[in-house]
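Everything on this sheet refers to the single structure shown next.
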Amino acid sequence: MLPLIIGLISKGNQLSTRDLGALSSIYMAGFLIASISAMVWVQKVRWRYVLGFTLVINSIGMLLLTEASTFEMLAVAFFLCGCVTGANGGIANQVFGSSENPERSFSVAFMVAFTSQALLTFFVTNYVVPEFGRPGLVGFVLAISCLLYFVGILLMPPNVISGGRDGLKLFSLLRPPKSILVGLFSITLFQAGWTGIWTFIGVIASAHSIPDTSTGQVLSSGLVIIAAGSFAANRLGQKLGVMIPILFAIIIAITSTIILVSQDQVLLFALAVVGFCFSWGFGVPYLLAHFSKADIEGRYLVLIGVCQAGGSMIGPAFLGLLSLDANISRIGLGGVTLFALTIGLVLIRSVKSTSA
């Protein structure tokens with residue numbers, strides 16, 4: 001929903017491209033802070049209490065979004081919503097990671113999440129936004145969120161604290177090996193490039209004079225493609241190794257980005273969004289698997305979420321600063337640069353592992 005909300009804000013408020021990018025980064029800053037803090041509290045507090053607390057914070061943030069008109073108020077709302085997402089994500093990762101088959105748990109959750117988000121995006125862009133605008137969109141999302149919160153709180157056993165994993169030893173994370181650093185930076189750069197472009201898809205569509213209804217339909221179908229990309233990666237497995245799927249996914253992301261910023265036809269725009277979404281759903285599982293091979297003892301896997309959140313925070317801000325006066329060509333150039341750097345780091349990691 002983030003691109004759709006930012007797209008609506010860009011039309012209803014006098015905010016620059018830099019401000020819009022900053023809002024997305026503020027959201028991810030809240031997500032990052034909550035994700036890091038989860039490493040400390042996720043195994044020490046009862047999750048029912050956390051869900052109840054985040055329900056209140058989420059409601060406050062969403063209510064602010066309905067009427068906020070200044071950058072400062074929007075920044076507070078985005079930060080609160082980001083914190084809620086990070087905290088809930090910490091619990092979800094603990095639940096899925098502690099299951100008997102975490103790979104299957106994560107993949108199923110991933111496909112369900114993006115498929116349901118696609119259906120909701122299609123519904124709100126066709127029936128909610130045209131009639132009620134931003135307040136209607138935010139109110140609808142808040143209602144769905146509250147429903148899911150209450151279901152989660154009711155179904156969760158009252159005394160559940162954690163999935164039974166040992167506590168995290170933070171000192172072991174302070175000085176990771178160079179191969180680990182290269183892997184973490186590659187994850188960060190890819191996420192920065194992808195989230196940066198994804199954040200400004202609504203702005204790019206507006207620059208091409210593409211109708212809001214068409215944009216919403218394209219975004220909703222793109223979310224389904226993300227889930228389809230992950231399903232394809234799951235089915236392909238290791239048949240082509242890890243490097244070929246990673247490079248294939250990044251090349252698709254680069255090609256899609258170039259088409260997005262250079263073509264104003266709805267069909268080409270839709271195909272580019274679909275390819276761009278497929279690149280994430282298909283490429284990220286292999287990118288994380290590539291990193292996991294370097295982390296033999298599994299000591300640094302906890303930092304994957306932090307790097308993804310950091311990349312999601314850096315990318316929109318970087319592209320927003322780069323694209324003065326809503327210059328979508330500069331947005332595309334920034335995204336392509338980040339993807340190209342990702343390829344470089346992945347190849348460096350591959351050469352080092354081969355030589356070792």
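Out of all the residues in the stretch 4-48, which are of a type outside the set (A, V, I, L, M, F, W, C) and either on the phi > 0 side of the Ramachandran plot or not in a helix (DSSP H, G or I) (or both)? Can you show your working first?
Taking the stretch 4-48 and keeping what is of a type outside the set (A, V, I, L, M, F, W, C), we get 7, 10-14, 16-19, 21, 24-25, 27, 30, 35, 37, 43-44, 46, 48.
N13, Q14, S16, Q43, K44, R46 - these are the residues of the stretch 4-48 that are of a type outside the set (A, V, I, L, M, F, W, C) and either on the phi > 0 side of the Ramachandran plot or not in a helix (DSSP H, G or I) (or both).
Screening the stretch 110-125 for residues that are β-branched (V, I, T) and farther than 17 Å from V138 by Cβ and picking the one that is surrounded by the fewest Cβ atoms within 10 Å (Cβ to Cβ) gives V112. Entry remark, the stretch 52-71: residues being farther than 28 Å from I153 by Cα, over 23 Å from the mean Cα position of the chain (by Cα) and either of a type in the set (A, V, I, L, M, F, W, C) or not in a loop (DSSP other than H, G, I, E, B) (or both) number 2 in total. Listed residues V138, V95; which is closer than 27 Å to S214 by Cβ, modelled with pLDDT of 65 or more and assigned to a helix (DSSP H, G or I)? So the residue among V138, V95 that is closer than 27 Å to S214 by Cβ, modelled with pLDDT of 65 or more and assigned to a helix (DSSP H, G or I) is V138. Taking (1) modelled with pLDDT under 85; (2) buried (at least 18 other Cβ atoms within 10 Å of the Cβ); (3) in contact with an Asp or Glu (Cβ under 9 Å, 6 or more places away or on another chain); (4) among the small types (G, A, S) in turn, A205 satisfies each apart from (1). For S116, state whether it is part of a helix (DSSP H, G or I) and modelled with pLDDT of 80 or more. Criteria met by S116. Screening A340, A317, A309 for residues that are surrounded by fewer than 18 Cβ atoms within 10 Å (Cβ to Cβ), in a helix (DSSP H, G or I) and either modelled with pLDDT of 85 or more or touching a helix residue (DSSP H, G or I) at 6+ places or on another chain (Cβ under 9 Å) (or both) leaves exactly one candidate, A340.
Of all residues in the stretch 262-284, those that are farther than 16 Å from A118 by Cβ, β-branched (V, I, T) and either modelled with pLDDT of 90 or more or in contact with a Cys (Cβ under 7 Å, 6 or more places away or on another chain) (or both) total 0. Scanning the stretch 220-255 for residues that are under 18 Å from F291 (Cβ atoms) and of a type in the set (V, I, T) returns V242, I244, I246, I250. Within the stretch 30-55, residues that are in contact (Cβ under 8 Å) with a residue 40 or more places away in the chain sit with their Cβ atoms under 8 Å from residues that are of a type in the set (D, E, K, R) and surrounded by fewer than 18 Cβ atoms within 10 Å (Cβ to Cβ), at 6+ positions apart or across chains, in these pairs: Q43/R165. Go through the residues of the stretch 252-270 one by one and say whether even a single one is part of a loop (DSSP other than H, G, I, E, B) and either surrounded by 21 or more Cβ atoms within 10 Å (Cβ to Cβ) or hydrophobic (A, V, I, L, M, F, W, C) (or both). Checked against the condition, which is being part of a loop (DSSP other than H, G, I, E, B) and either surrounded by 21 or more Cβ atoms within 10 Å (Cβ to Cβ) or hydrophobic (A, V, I, L, M, F, W, C) (or both), the stretch 252-270 yields no hits at all. Taking G216, is it buried (at least 22 other Cβ atoms within 10 Å of the Cβ), modelled with pLDDT of 85 or more and small (G, A, S)? So G216 does not fit the description; no.
The values are calculated or read from the model by the stated rules, or taken from the named source; none is laboratory data. Computed from a prediction, not measured in an experiment: that's the story for all the values here. No Cβ is skipped: glycine too gets one built from the backbone with ideal geometry, and neighbour counts run over all protein chains shown.
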